[in-house]
1. Hey, can you tell me all the residues within the range 54-94 that are surrounded by 13 or more Cβ atoms within 10 Å (Cβ to Cβ) and outside any helix (DSSP H, G or I)?
2. Among residues belonging to the range 117-137 that are within 24 Å of Q29 (Cβ to Cβ) and among the acidic types (D, E), point out the one that is surrounded by the most Cβ atoms within 10 Å (Cβ to Cβ).
3. K129 versus (1) within 22 Å of K152 (Cβ to Cβ); (2) not in a helix (DSSP H, G or I): which is the lone unmet condition?
4. Could you tell me how many of the residues in the range 95-107 are assigned to a helix (DSSP H, G or I) and surrounded by fewer than 18 Cβ atoms within 10 Å (Cβ to Cβ)?
Amino acid sequence: MKLNAIGLNEETSQSLSNDLNQLLANFQQYYQNLRGIHWNIKGKRFFDLHEKFEELYVDANLKVDEVAERILTLGGVPYHTFQDYSSNAKVPVGKNVSKDEDAIRLIVDSLKELLIIERRILDTSDEAKDEGTNSMMSDFITEQEKTVWMMKAWLAEGI
């Protein structure tokens, strides 16, 4: 077994880099969705939602950078083109979303896809003893589960 510069199995690190690239593509789609609903939201809840969507896209942008840097740390190359993102993302595309409930549902649906990928990476990174990736996924999952709960509460829906 060949180890990389941070002491992890090279083959497993490459596999994790691939999974993280999948996450990166989906985060980029989520980020674009958030920008779109931030710009296009209309209605009586505009001021509150406009501010909330900005908070979420700033956070998503930070996570995009963290994921890309983790891919580099593992020895991979992060996706960096719109073609890479669009061909690898499963997060739904939110085009021309301007109604409050549609925007919140888009966020919940997007986070569900991110959480599925993150849980898969969490399992793989745990098996690989990759604490850096594991810790990142754990933190992301905790934050996003809370956001889903809050968005579902806003929609007056149960989890």
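1. Matches in the range 54-94: L74, G75, G76, P78, Y79, A89, K90, V91, P92, V93, G94.
2. E118
3. (1)
4. So the count comes out to 2.
Each row is one residue, and each column tells you yes or no for (1) without any contact (Cβ under 8 Å) to a residue 60 or more places away in the chain; (2) within 20 Å of P92 (Cα to Cα).
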site: L8; (1), (2): no, no
site: L16; (1), (2): no, no
site: Y30; (1), (2): no, yes
site: L34; (1), (2): no, yes
site: K42; (1), (2): yes, no
site: F46; (1), (2): yes, no
site: F53; (1), (2): yes, yes
site: K63; (1), (2): no, yes
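Every number here is computed from the coordinates shown, using simple stated rules; none is lab data. What you see is a predicted model; the values in this text were computed from it and never measured. Neighbour counts are summed over all protein chains in view; Cβ atoms, including those assigned to glycine, are modelled from backbone coordinates with ideal geometry.
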